[in-house]
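The values are calculated or read from the model by the stated rules, or taken from the named source; none is laboratory data. Predicted model only: the values in this text are computed from it and were never measured. Note that we place each Cβ from the backbone using ideal geometry, even for glycine, and neighbour counts take in every protein chain shown. Each accessible area value is taken on the protein alone, full model and side chains, heavy atoms only, with ligands, DNA and RNA left out. Shrake-Rupley method; radii C 1.70, N 1.55, O 1.52, S 1.80 Å.
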Amino acid sequence: MSILIRGGTVVTGEQELRADVLCDGGTIKAVGPGLDAPAGTTVIDAGGMFVMPGGIDPHTHMELPFMGTVASDDFFTGTAAGLAGGTTTIIDFVIPGPNESLVAAYKTWRERAQKAAGDYSFHVAVTWWSDQVSDEMGVLTRDHGVNSFKHFMAYKNAIMVDDGVLLHSFARAQELGAIPTVHAENGEAVFHLQRQLLAQGITGPEGHPLSRPPEVEGEAATRAIAIANLLGAPVYIVHVSTEQATAAITRARAAGVRAYGEVLAQHLVIDESVYRNPDWATAAAHVMSPPFRPKHHQDALWAGLAAGQLQTTATDHCAFCAPQKAAGKDNFTMIPNGTAGIEDRMSVLWHHGVRTGKLTRSEFVRVTSTNTAQIFNIFPRKGAVAVGADADLVVWDPAGTRTISAKTHHQNVDFNVFEGMEVTGVARHTISGGKLVWTDGDLRAVRGAGKYVERPCFPSVSQAQAIRNERNRPTGVARMPATAVTP
Ligand code: DUC
Ligand code: ZN
Ligand code: ZN
Ligand code: ZN
């Protein structure tokens, strides 16, 4: 089946041009003005609309077993909701338990993801360290197309790792040409503050942000970057929510460290006042980590995105329904952490970013798709509107409006953190793998239609280069090799 998108304006991370786009057999066959439609082609009228690469959400947790329960959106419902919002690819997380084989866990997640309606890939978390883990990182990069490894600096007594594990794992990732990623919160500090708050009788959701103040994130981001810098490794900080972490990344980049930052759509527009909602369930529905912040942090995040200091936007999509959140009724530390957002990320970014002039349309494409494809090495197969690229496209209606609501969303969760937000800028049509899967409000997601996306490693920084840089380093000043891996 072929599809011709006619009469729109193609927007890529670099330019805008009036062009038609012809898709056939799952890839883009032609981009140019006045293309002919072969017999049997479905023609989509994109007049007045923008034709952009499908969104890539680099941070989701579909059907994640977490904090005594399992996230309510599975790989089918979650990716289908993404398609309705213009997101065609996710990078989810394999999270092995301590002492669990990384490869075995990876196979478990691959099995779960068979039902996905959109394309998917996996970061793999390193939650413990041994020679086996080191070997398995090699197997995953060599045989399974994994080029990123995640580290949780928080969640003590569960999946948190200490600096020793970070050092071992970052060094191994650097050797393999993979990119270490971190959830940057000082888990010891969080644990300490949680005990203190509970001892003071603060047991409700208002305790959640108090136990994870901005400094907790700033410290961990700074530490992760310092460790990466020592080793000459790149580092990608997930869900940057504070001016402190943004500043740490900005400083590091100015010093030549290949540090990247990801921002969640939620943190850009929602602030910490949600935890003071007198309705327990509403406050608890917003419990995620890092938490929502005092409003001024949003300015730093938008500025970081616009300036390119923060490169990607995500959702950390991890949906829990009210009965699941209720597990923490008497103790906020037991509320499953997570919010949903995959369906709304693109519209929220467009409405609050492009329409306000904070982002240009090409910047929008970069932060919702292209930069992720480049950092995680799937460009230009993904993140591009170009001949040979996957036919993952969104036909974006800049004048279309909708009111975000749990009553109408496709996510399998009973709450929406953007409830009632009226957004202008919607996905009118979504094409995934060359198929029209969302058109004028009709969701045609197909269970199992999504494909696993392999992400090859970058060439690693050679040991010799690292040693040369070490010799050139002024005494006492840690510095990243000037010729580090170039995503
Ligand atoms: N934060 C969340 O809110 N949920 C899943 C994991 C995480 O780090
Ligand atoms: Zn996280
Ligand atoms: Zn501040
Ligand atoms: Zn996460």
Checklist line | Cα-centre dipole for region 393-454 with unit charges at Cβ (Lys and Arg positive, Asp and Glu negative), debye to 20 | finding: 260 debye
Item checked: Local electrostatic count at Pro98 - Lys and Arg +1, Asp and Glu -1, tallied over other residues with Cβ under 13 Å -> -1
Notebook entry, point to check: Stretch Ser273-Ala37 to full length: gain in nm at 0.36 nm per residue minus the Cα-Cα span?
Noted result: 79.7 nm
Item checked: Exposure ranking of Lys435, Lys325 by accessible area [1.4 Å probe, largest first] -> Lys435, Lys325
Item checked: Cut-off 15 Å between beta-carbons: net charge of the residues surrounding Asp20, Lys and Arg +1, Asp and Glu -1 -> -1
Next item on the list: Would you mind working out the magnitude of the charge dipole of region 293-399 relative to its Cα centre, with +1 at each Lys and Arg C-beta and -1 at each Asp and Glu C-beta, to the nearest 20 Debye?
Entry: 200 debye
Next item on the list: Determine, from the Cβ-Cβ distance of Gln196 and Arg18 and an R0 of 60 Å, the FRET efficiency 1/(1 + (r/R0)^6), rounded to the nearest 0.05.
Entry: 0.50
Item checked: Net charge dipole size for the chain [Lys, Arg +1 and Asp, Glu -1 on Cβ; Debye, nearest 20] -> 740 debye
Next item on the list: Hey, can you grab everything whose amide H is under 5 Å from the amide H of Val43? Only 5+ residues off in sequence or another chain; H modelled, so Pro and N-termini drop out.
Entry: Leu4
Note to self: For the pair Thr424/Ala322, report the inter-label distance in nm, with labels modelled 7 Å from Cα in the Cβ direction.
What the structure shows: 3.4 nm
Notebook entry, point to check: Asp20's amide H: which non-local residues (gap 5+, or another chain) put their own amide H closer than 5 Å, with H modeled 1.01 Å from N in plane and none for Pro or chain starts?
Noted result: Gly7, Gly32, Gly34, Leu35
Next item on the list: Go through region 273-288 residue by residue and turn each phi into a ³J(HN,Hα) via Karplus (6.51, -1.76, 1.60, θ = phi - 60°); whole Hz please, and just put x for glycine and proline.
Entry: 4, 4, 7, 9, 4, x, 7, 4, 4, 5, 4, 5, 4, 8, 6, 8
Item checked: Glu206 versus Arg447: modelled label distance in nm, points set 7 Å from Cα along the beta carbon direction -> 4.5 nm
Next item on the list: With a Förster radius of 30 Å, plug the Cβ-Cβ distance of Val70 and Lys295 into 1/(1 + (r/R0)^6) and report the FRET value to the nearest 0.05.
Entry: 0.35
Note to self: At 7 Å along Cα-to-Cβ for each site, give me the label-to-label distance between Asp163 and Thr27 in nm.
What the structure shows: 4.8 nm
Notebook entry, point to check: Just the accessible area for Asp119, please: 1.4 Å probe, Å², rounded to the nearest 10?
Noted result: 10 Å²
Margin query: I'd like the accessible area for Lys451, computed on protein heavy atoms only with a 1.4 Å probe and all protein chains in place. Round to 10 Å², please.
Written below: 120 Å²
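Roughly to the nearest percent, how much of the accessible area of region 98-219 is carbon and sulfur, given a 1.4 Å probe?
50 percent
Let me have the 222 nm mean residue ellipticity of the chain computed from DSSP H runs of 4+ only, each contributing -39500 (n - 2.57), with the sum over all residues rounded to the nearest 500.
-8500 deg cm²/dmol
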Notebook entry, point to check: So, counting K/R as plus one and D/E as minus one, what does the shell of residues with Cβ under 14 Å around Phe415 add up to?
Noted result: -4
Check: Once Lys and Arg get +1 and Asp and Glu get -1 on their Cβ, which of Leu83, Val146, Pro180 lies farthest toward the positive end of the dipole of region 33-184?
Finding: Pro180
